[in-house]
1. Could you tell me whether B:L123 is modelled with pLDDT under 95, surrounded by 14 or more Cβ atoms within 10 Å (Cβ to Cβ), within 9 Å of another protein chain (Cβ to nearest Cβ) and part of a helix (DSSP H, G or I)?
2. Which condition does B:V115 not pass, out of (1) more than 13 Å from chain A (Cβ to nearest Cβ); (2) surrounded by fewer than 23 Cβ atoms within 10 Å (Cβ to Cβ); (3) over 23 Å from B:V213 (Cα atoms), if it passes all the others?
3. Looking only at segment A:200-215, filter to residues that are within 18 Å of A:F154 (Cα to Cα) and out of contact with any Asp or Glu (no Cβ under 9 Å at 6 or more places or on another chain); which one of those is surrounded by the most Cβ atoms within 10 Å (Cβ to Cβ)?
4. Between B:K34, B:K39, B:K25, which is surrounded by fewer than 22 Cβ atoms within 10 Å (Cβ to Cβ), at positive phi and among the charged types (D, E, K, R)?
5. Residue by residue through segment A:22-60, note down the ones that are buried (at least 19 other Cβ atoms within 10 Å of the Cβ) and within 30 Å of A:S86 (Cα to Cα).
6. Taking the options B:S238, B:S249, name whichever one is hydroxyl-bearing (S, T, Y) and touching a residue at least 60 places away in the same chain (Cβ under 8 Å).
7. Which residue, of A:D19, A:D7, is at pLDDT below 90, part of a helix (DSSP H, G or I) and of a type in the set (D, E, K, R)?
8. Just wondering, is there one or more residues in segment B:189-201 that are away from every other protein chain (no Cβ under 14 Å) and part of a loop (DSSP other than H, G, I, E, B)?
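The values are calculated or read from the model by the stated rules, or taken from the named source; none is laboratory data. The structure displayed is predicted, hence computed values, not measured ones. A quick note on method: Cβ atoms are made from the backbone with ideal geometry, for glycine too, and the neighbour counts reach across all protein chains shown.
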Amino acid sequence: MALVSPDVFIKQKIAAVQDYAVLAGTAIMDIFTGPHYWADMFTQMDSIGVGSMPIIVLTGFFTGCVLALQSVTALQQFGAVSKTGSLVSLSMVKELGPVLTGLMVSGRNAAGMASELGSMKVTEQIDAMRALGTDPIRKLVTPRLIATVFMLFFLTIVADAFGIMGGALVSIYLEGLNGSSYLHSSYQNLIHGDIVQGLTKPIFSGFIIATVGCFFGMKTTGGTQGVGRSTTQAVVVSSVAIIVVDLLVTRAMIGIFGS
Amino acid sequence: MSETQTSSGAATLELPEGVPVVEFKDVSIRFDVKPVLHKISFAVERGQTLILLGPAGCGKSVLLKLANGLLRPDEGSIRIFGQEITTMRDRDLYAMRAHIGMVFQESALFDSLNVEDNVAYRLHEEHVPEDESHARVVEALKFVELEQAIAKFPSELSGGMRRRVSIARAIISGPDLILYDSPTGGLDPITSTTIIELVMKQRDVSHTTSLLVTHRLQDAFTLATHRYDAAKGMAPISKDGPERGIDDSTKFLMLNEGNVVFHGTTEELVRSTDPWIKEYLE
């Protein structure tokens, strides 16, 4: 990377944030005006939603298993092993389900979007699209944005469900806890605010994954090397942003629901 | 400016008399701190073919992207079909591009679409019925003599075939202006000649206004001294006729280091006494 003076560096970063804001804003505005590319949106839903299902199921399931194992060990010290189901479900629904789903989908799809759009950019396909009278943000970014936000919401529910299921299997078959007691404490302690908190996060994460992935793809320069660079940047930035936004949303939700 | 519908279904623009199709006035652009084009001015009349010549990196492709609104200049005015495009809203630019065809340097075909869908891209965007769209794709592919490749994907095509598909995609809507960005770049001489014949065919059959970027002098002079004939194909223009072996509608614009060094006819170019031009032509 070429060395530049601090003022040029700061200007470049501010310009990048400005470009990102313009792209994200335009993609949102395009939702409310035509034409809409429904076929592209359903293709992306299939790719992002159905395509990510195996990794989300596995991640959710094994996270739930590990969480149950760790919880039982810790709760035994306080004689509260019966609260394992509650701890697993609260952790999965409020925090681990949304964040891990966001991170896994970010690794898979933000990278995919950046490399796909980056390849199109360096081979002039995006310019060709503009030359043929198509707005690339409307055609490429908006369908990915809608598809990611929509599918991440449901993927999070799947991850939560498999996490609780994984926790149940470990608690019942490895730790010998009562299954009915586990499931009972799992849902008894979940309140409305927990569910809202857990399902608000994927909306933000989906937005971050799609806009960051597409932004780095659309600003790719420098041939195949540039595509690789954009892909790495998209995954790093979207993953960090998901965790930072998770903190902000959690704080806001605690402010609203008080827990 | 008004539109009329042609038999092929494409809308053509009717410009008032005397209004050039392309007009650059004092156009400058720089990338970061590096000036690329400096105070460029020229005009292209309806039916004219302007060949942009110059060494690599002199700003020819940038000029073409400016003409299509893909880049915006730092200074100056660009009028396409009489409309100022430097201040035009993106939405209006997309609408205007329906009248402009562009052939990219590396073809820029959509690699996830087959040849038919690539060529019909604009028709699909305009929701042209599938039957009509297919018929127009076949017609465009026949023009570039590639109808047998209709179901193939870009990865299955040679460089020359990709360029021909790119030309078919550019001409399918019957554009009023075609921008060719080095259509023969990186091709062997025989394939280059085929591509130049297609450019010539489009010029002489449809009389479409065009800007053609090339750094191959041979291609430029072939275009300026030959004409497409339906019976004979590409043939030299007779030196004994009124045109004295040169196509009147073909003009040249030479760039060097972002400046215009020549703008005129073929005859004026070959008779130029400018030492840089003479050296370049030799």
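1. Working: modelled with pLDDT under 95: yes; surrounded by 14 or more Cβ atoms within 10 Å (Cβ to Cβ): yes; within 9 Å of another protein chain (Cβ to nearest Cβ): no; part of a helix (DSSP H, G or I): yes.
Against the criterion (modelled with pLDDT under 95, surrounded by 14 or more Cβ atoms within 10 Å (Cβ to Cβ), within 9 Å of another protein chain (Cβ to nearest Cβ) and part of a helix (DSSP H, G or I)), B:L123 does not qualify.
2. That leaves (2) as the condition not met.
3. Out of the qualifying residues, it is A:I209.
4. It is B:K39.
5. A:G49, A:S52, A:I56, A:T59, A:G60, listed by residue number.
6. On the way: B:S238 fails: touching a residue at least 60 places away in the same chain (Cβ under 8 Å).
Unique residue meeting the criteria: B:S249.
7. A:D7
8. Checked segment B:189-201: no residue is away from every other protein chain (no Cβ under 14 Å) and part of a loop (DSSP other than H, G, I, E, B).
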